[in-house]
Amino acid sequence: MGHDTGQDLALLASCDHTIMTTGTYGWWAAWLANGITIYYANYPRRGSWLSTQMYKNDYYHPNWIGLDDT
């Protein structure tokens, strides 16, 4: 508590592995940590507006592990 976002990101980047959120903050934490990364594979939801605006293959590193809820 009382840390700024840069300190928080530095702390996350120093971790060995990451379970990332769907946002870019989690993405950068995972990228900088450079360990095993787990992400929610059903984001963005198929058929949503956001799914038409991004390419998942460009967003998620191929070595990251996607978990889905099916």
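The values are calculated or read from the model by the stated rules, or taken from the named source; none is laboratory data. Keep in mind the model is a prediction, meaning the values are calculated, not measured. Positions of Cβ are generated from backbone atoms using ideal geometry, with glycine treated the same way; all protein chains shown enter the neighbour counts.
In this structure, is Ala10 part of a helix (DSSP H, G or I), in contact with a strand residue (DSSP E or B) (Cβ under 9 Å, 6 or more places away or on another chain) and among the aliphatic types (A, V, I, L, M)?
The answer is no for Ala10.
When you go through (1) surrounded by 10 or more Cβ atoms within 10 Å (Cβ to Cβ); (2) modelled with pLDDT under 90 one by one for Thr70, which number turns out not to apply?
Thr70 satisfies every listed condition except (1).
Based on what the data block shows, is Gly35 surrounded by fewer than 14 Cβ atoms within 10 Å (Cβ to Cβ), in contact with a Ser or Thr (Cβ under 7 Å, 6 or more places away or on another chain) and in a loop (DSSP other than H, G, I, E, B)? So that I can check it myself, show each step before the final result.
Numbers: surrounded by fewer than 14 Cβ atoms within 10 Å (Cβ to Cβ): yes; in contact with a Ser or Thr (Cβ under 7 Å, 6 or more places away or on another chain): yes; in a loop (DSSP other than H, G, I, E, B): yes.
Yes; evaluated as a whole, the condition is true for this residue.
Please count how many residues of the range 1-29 are small (Gly, Ala, Ser) and closer than 21 Å to Asp69 by Cα. First the steps, then the outcome.
Keep residues of the range 1-29 that are small (Gly, Ala, Ser), which gives 2, 6, 10, 13-14, 23, 26, 29.
Now narrow it down to the ones that are closer than 21 Å to Asp69 by Cα: 23, 26.
Total satisfying the criteria: 2.
For the structure I just gave you, tell me whether Asp69 is acidic (Asp, Glu), at negative phi and not in a helix (DSSP H, G or I). Can you show your working first?
Numbers: acidic (Asp, Glu): yes; at negative phi: yes; not in a helix (DSSP H, G or I): yes.
Yes: the conditions hold for Asp69.
Condition (residue is outside any helix (DSSP H, G or I), modelled with pLDDT of 95 or more and either among the aromatic types (Phe, Trp, Tyr) or within 15 Å of the chain's Cα centre (by Cα) (or both)) applied to the range 46-55: is it met by at least one residue?
yes
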